[in-house]
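**Q** Quick one: structure below, then a few questions.
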Amino acid sequence: IVLASRLSKKIVKPLNELNLEEPLSNEEYDELSPLLKRIDTQQKQIRWQKKELERKQSEFKTVTEGMAEGIVLLNSEGEILSINRAAAELFGTDIFAVGQNILSVNRNPALTELLHKAEKSGHTETVAELGGGSYQIDASTVLSNGEVIGTVLLLLDVTEKIKSEQLRQEFTANVSHELKTPLHTISGSAELMAGGMVKPEDIPEFSRRIFAETRRMIQLVDDIIKLSHLDEGAEDMKREETDLLHIAEGVVQTLQPEAKKAGITLELRGEQAVFSGIPRLLSSIVYNLCDNAIRYNRRDGSVSVEIKNEKDFAVLTVSDTGIGIPPEHRERIFERFYRVDKSHSREIGGTGLGLSIVKHAARLHNAEIGLQSVVDGGTTVTVRFPKTV
């Protein structure tokens, strides 16, 4: 027994002391060479696979970390396997959330419902409020041998898309409303005249009303076409060296009769300011600002147009002594059809698109628009056009 014990230990000792990290360096038993060669081959394969996995993981991390979209990988239990920086910020966590359950990281009801639907259907999507914006969350399950082994979440920022869709719907509704009003007036007046229900002496008044509403519709359609053109980038409009003072002189001269009719003093002062611009759009900016300043002014009020030539900017300033704009409306007055006082706006005319045209035309010139206003104290709008684009 003692001899067998000592002999077995002597035989097993070299086996226990084998260097498995470098199998081919062992020279104890020739009989083990095939096994050691097999181990060496497998270890080389494992090391190669490990490097390949690390390389792919590094590539995946590099790609996902640079994505503006959020991406999250979950296992079958809903635990986070991987999460990039964008998704971590949206869920209010960090990359150390790996290993935690996604529902413990973020308890948004929409996310909970999304995961349940994805588990049943394989793919689903929803829109949820995350990080102060609207995000579309796509959930797709990962299958292996017919079983769900994980879920991939992709988070896309659709805030601007939803906002644009809302603006489009509002725009469509406003256009329909704005066109319906003059059409009803024209239709009603024409119907009365056609039915012989209008006295001969009243016909000129009805005709004047029809003419005025028709002009309003034409102006509205023209402004809509202008905005559509500006939305498309106005690529057919070429830039050229333009003197902003010369453009302002033409606009002021055109609006003088309207200003006198309204009892408004319209004056221009300034200096030459030459830069590369689109004359047609620059004229539209000056015209709409001055037209608004006249319309929303007071009797015996004034409108002042000033052109300054700074080193890097050509500056247009239009000031009036009008009714002013309340603080809560100042951020929205450049929206399409937005009116501070709708009843008053209808009385004085206009399409409600003038300032929106100003905003879009200024954007095409990379110009900055500044607004200062005091209720019952007047409004000053400043547009700074960079001389170099």
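The values are calculated or read from the model by the stated rules, or taken from the named source; none is laboratory data. Because the structure is predicted, anything quoted here is derived from the model rather than measured. Here the Cβ is made from the backbone with ideal geometry for all residues, glycine too, and neighbour counts use every protein chain on show. Please note that ligands, DNA and RNA were not included when accessible areas were found on the heavy atoms of the full protein model with its side chains. Shrake-Rupley method; radii C 1.70, N 1.55, O 1.52, S 1.80 Å.
**Q** Leaving out ligands, DNA and RNA, what percent of the accessible area of segment 217-296 is carbon and sulfur, probe 1.4 Å?
**A** Details: 2070 of 4210 Å².
On segment 217-296, the fraction of accessible area on carbon and sulfur atoms equals 49 percent.
**Q** ³J(HN,Hα) across segment 46-53 via Karplus (A = 6.51, B = -1.76, C = 1.60, θ = phi - 60°), whole Hz, x for Gly/Pro?
**A** 5, 5, 5, 5, 5, 5, 5, 5
**Q** Could you tell me which of Val72, Leu18, Val98 has its Cα farthest along the dipole of segment 10-99 towards the positive end, charges placed at Cβ (Lys, Arg +1; Asp, Glu -1), taken about the Cα centre?
**A** Positive-end residue among those listed: Leu18.
**Q** Now, a different point. If you line up the long axis of helix 354-364 against the longest principal axis of the chain, both from Cα atoms, how many degrees apart are they, to the nearest 10?
**A** Its long axis makes an angle of about 50 degrees.
**Q** Relative to the longest principal axis of the C-alpha atoms of the chain, give the angle of the C-alpha long axis of helix 109-121, reported between 0 and 90° and rounded to the nearest 10°.
**A** 60 degrees
**Q** Still on this structure, please answer the following. Report which label in [x] 1.31; [y] 0.99; [z] 1.74 holds the value of Cα Rg over 2.2 N^0.38 Å derived from the coordinates of this structure.
**A** [z]
**Q** Heavy atoms only, probe 1.4 Å: what % of the accessible area of segment 7-46 goes to carbon and sulfur, would you let me know?
**A** 53 percent
**Q** Please report, in debye to the nearest 20, how large the charge dipole of segment 109-232 is about its Cα centre when each Lys and Arg carries +1 at its beta carbon and each Asp and Glu carries -1 there. Display every interim value, and only then the final one.
**A** Working: 12 positive and 20 negative charges, 80 e Å.
Using Cβ point charges on Lys, Arg, Asp and Glu, segment 109-232 gives about 380 debye.
**Q** Just subtract the alpha-carbon distance of Val158 and Gln256 from 0.36 nm times their residue separation and send over the number in nm, one decimal. Intermediate values should be presented prior to the final figure.
**A** Details: separation 98, 0.36 × 98 = 35.28 nm, distance 4.66 nm.
Here the answer is 30.6 nm.
**Q** Sticking with this structure for a sec: Residue by residue through segment 155-162, which ³J(HN,Hα) values in whole Hz follow from phi under the Karplus form 6.51 cos²θ - 1.76 cosθ + 1.60 (θ = phi - 60°), with glycine and proline marked x?
**A** 10, 10, 6, 10, 4, 5, 4, 5
**Q** Let me ask something else. Among 327-333, 126-132, how do they line up from the highest to the lowest mean number of other beta-carbon atoms within 10 Å? Intermediate values should be presented prior to the final figure.
**A** Numbers: 327-333: 12.4, 126-132: 14.7.
Going from most to least packed, we get 126-132, 327-333.
**Q** Apply the Karplus parameterisation 6.51 cos²θ - 1.76 cosθ + 1.60, with θ equal to phi minus 60°, to every residue of segment 3-16 and state each ³J(HN,Hα) to the nearest whole Hz, in sequence, with x for glycine and proline.
**A** Karplus-based 3J(HN,Hα) across segment 3-16 equals 5, 5, 5, 5, 5, 5, 5, 5, 6, 6, 3, x, 5, 5 Hz.
**Q** What dipole magnitude, in Debye to the nearest 20, does the chain give about its Cα centre under +1 on Lys/Arg Cβ and -1 on Asp/Glu Cβ?
**A** Details: 48 positive and 59 negative charges, 24 e Å.
About 120 debye.
**Q** Each label point is 7 Å from the Cα along the Cα-to-Cβ direction; what then is the distance between the points at Met67 and Lys44, in nm?
**A** Inter-label distance under the simple model: 3.7 nm.
**Q** Starting from the Cα of Lys37, draw a straight line to each of the lysines and keep only those under 30 Å, dropping any in the same chain fewer than 8 residues away.
**A** Lys9, Lys10, Lys13, Lys50, Lys51, Lys56
**Q** Could I ask something else about it? Which value in nm describes the separation of the simple spin-label points at Arg168 and Ser228, placed 7 Å from the Cα toward the beta carbon?
**A** Label-label distance for Arg168 and Ser228, simple model: 1.4 nm.
**Q** I've got another one for you. In square angstrom, what is the accessible area per residue of the chain with a 1.4 angstrom probe?
**A** I get 62 Å² per residue for the chain.
**Q** List the equivalent ellipsoid semi-axes of segment 182-318 in whole Å, largest first, each obtained as the square root of 5λ for an eigenvalue λ of the Cα gyration tensor.
**A** Details: eigenvalues 293, 86, 19 Å².
Over the Cα atoms of segment 182-318, the ellipsoid semi-axes are 38, 21, 10 Å.
**Q** Tell me, how many Å apart are the Cα centres for segment 1-51 and for segment 142-212?
**A** One Cα centre to the other: 83 Å.
**Q** Okay, moving on. Around Glu335, which amide H atoms from residues at least 5 apart in sequence, or from another chain, sit under 5 Å from its own amide H, with H modelled in the peptide plane?
**A** Under 5 Å from the amide H of Glu335 lies no amide H from a residue far enough along the sequence or on another chain.
**Q** At 7 Å along the Cα-to-beta-carbon direction for both Ile203 and Asn145, put a label point, then send me their distance in nm to one decimal.
**A** Taking the simple label geometry, Ile203 and Asn145 are separated by 9.4 nm.
**Q** What is the set of long-range amide H partners of Gly378 at a cut-off below 5 Å, with H atoms built 1.01 Å from backbone N?
**A** Gly322, Gly324
**Q** For segment 155-253, run through the GluC sites (Glu not before Pro) and keep only the ones in DSSP coil with at most 14 other Cβ atoms within 10 Å of their Cβ. Intermediate values should be presented prior to the final figure.
**A** Values: sites: Glu160, Glu165, Glu170, Glu178, Glu191, Glu201, Glu205, Glu213, Glu232, Glu235, Glu240, Glu241, Glu249; in loops: Glu232, Glu235.
Sites meeting the loop and neighbour criteria: Glu232, Glu235.
**Q** Pairs to check: Lys61/Lys117; Lys238/Lys387; Lys308/Lys387. Give those whose C-alpha atoms are more than 18 Å from each other in this structure. Please list the in-between numbers first.
**A** On the way: Lys61/Lys117 28 Å; Lys238/Lys387 16 Å; Lys308/Lys387 12 Å.
Violating the 18 Å Cα-Cα cut-off are Lys61/Lys117.
**Q** State to the nearest 20 debye the size of the charge dipole of segment 97-151 about its Cα centre, where the only charges are +1 on K and R beta carbons and -1 on D and E beta carbons. Spell out each step's value before the answer.
**A** Details: 3 positive and 6 negative charges, 21 e Å.
Dipole size: approximately 100 debye.
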